[in-house]
Each structure stands twice: as C-alpha cells, then as structure tokens.
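Take a look at the structure set out below.
The values are calculated or read from the model by the stated rules, or taken from the named source; none is laboratory data. Remember, it's a predicted structure, so these values are computed and weren't measured experimentally. Reconstructed Cβ throughout: ideal geometry from the backbone, glycine too, with neighbour counts over all protein chains shown. Side chains included, ligands, DNA and RNA excluded: accessible areas come from the protein's heavy atoms. Shrake-Rupley method; radii C 1.70, N 1.55, O 1.52, S 1.80 Å.
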Amino acid sequence: MYSLTEKDYELIAEAQKAIHLNYDEENYNHTVGAAIRCNSGSIYVGVNVYSLHGACAEQVAIGTAVTHGERDFESIVAVRGKDGEEIIPPCGNCRQILHDYMPQCDVILLANREYMKIKAKELLPFSYKAEK
Ligand SMILES: [Zn+2]
C-alpha cells in the first residue's frame, strides 16, 4: 500500500464532480462516481448505470477510456454519495475487470481509516484467469 499524492487527490475530486453533477437517487439510482487516470495523463469519469444487470461507475469510466483509445492505466477511484464524500472499494466484478485490464493500476481506497492505494492485482489473490 502507498500513500496518496496530489494527483490522487485530483482524481478523487474528478470522481466527486462526476457524481455531484449526476446524482439521482430517485429515478436512476446514480449514486457512485468513478475516475480513472491513464498513463497518457487523460482522466475519464463515469457514474453507475443502474438496472437488473447495471454497470458500476468504474466500468463506465473504464469503458469510456477504452473507447477513446486508452490502454494503459495509472490509477482509479470510486466515490459514493451526493458529493462523493465516501471512497468505496471496487466490487468483486470490478476487481476481476481491473485484474484483467490493468493489474498494475493503482486503486485508491480507504483502509484503516486512511486513504491508500494498492495495485489492482493485489485486490484479487488466487484469481480466475481466462484460457487463451
Ligand atoms: Zn463494481
């Protein structure tokens, strides 16, 4: 685990802005925002898309980054609440996606009441690997 840098706090602020602008608990359950920083320096954001098989905010942000041609990722964060006041860890499905797409990417989360970052691959030990 590593401590956060100024760039990490900027990324958190981008995720908070994304959910602040799109928060909608009543109609679509948009309650989580995410931001991902690519090695190119670009940042992409997303909010969760709720449905029976909805997409997490991280997946929307990753999908947007990939759609823009990004393939190398530096760090990712997800926040929950009207102003994104709560940093939340990725769910199990997102952990698998992070593991498959960006095992070396830093994931920002709250651990022992401190903001920390950890490599995506460390969030999924003994992970499933697709046959190639
Ligand atoms: Zn998820």
Rounded to whole Å², per residue accessible area for the chain with a 1.4 Å probe reads 59
Expressed as a percent, the accessible surface of the range 30-132 that is carbon or sulfur, using a 1.4 Å probe and the full set of protein chains, is 52
Taking 117-129, 23-35 and ranking on average Cβ neighbours within 10 Å, highest first, one gets 23-35, 117-129
In debye to the nearest 20, the charge dipole size for the chain, taken about the Cα centre with +1 at each Lys and Arg Cβ and -1 at each Asp and Glu Cβ, equals 420
The summed charge of the ILE43 Cβ neighbourhood (under 13 Å; Lys/Arg +1, Asp/Glu -1) stands at -2
Protection proxy (average C-beta count within 10 Å per residue), highest first, orders 49-55, 106-112 as 106-112, 49-55
Bridge orientation stat for the range 1-111 from DSSP, antiparallel percent rounded to 5, came to 90
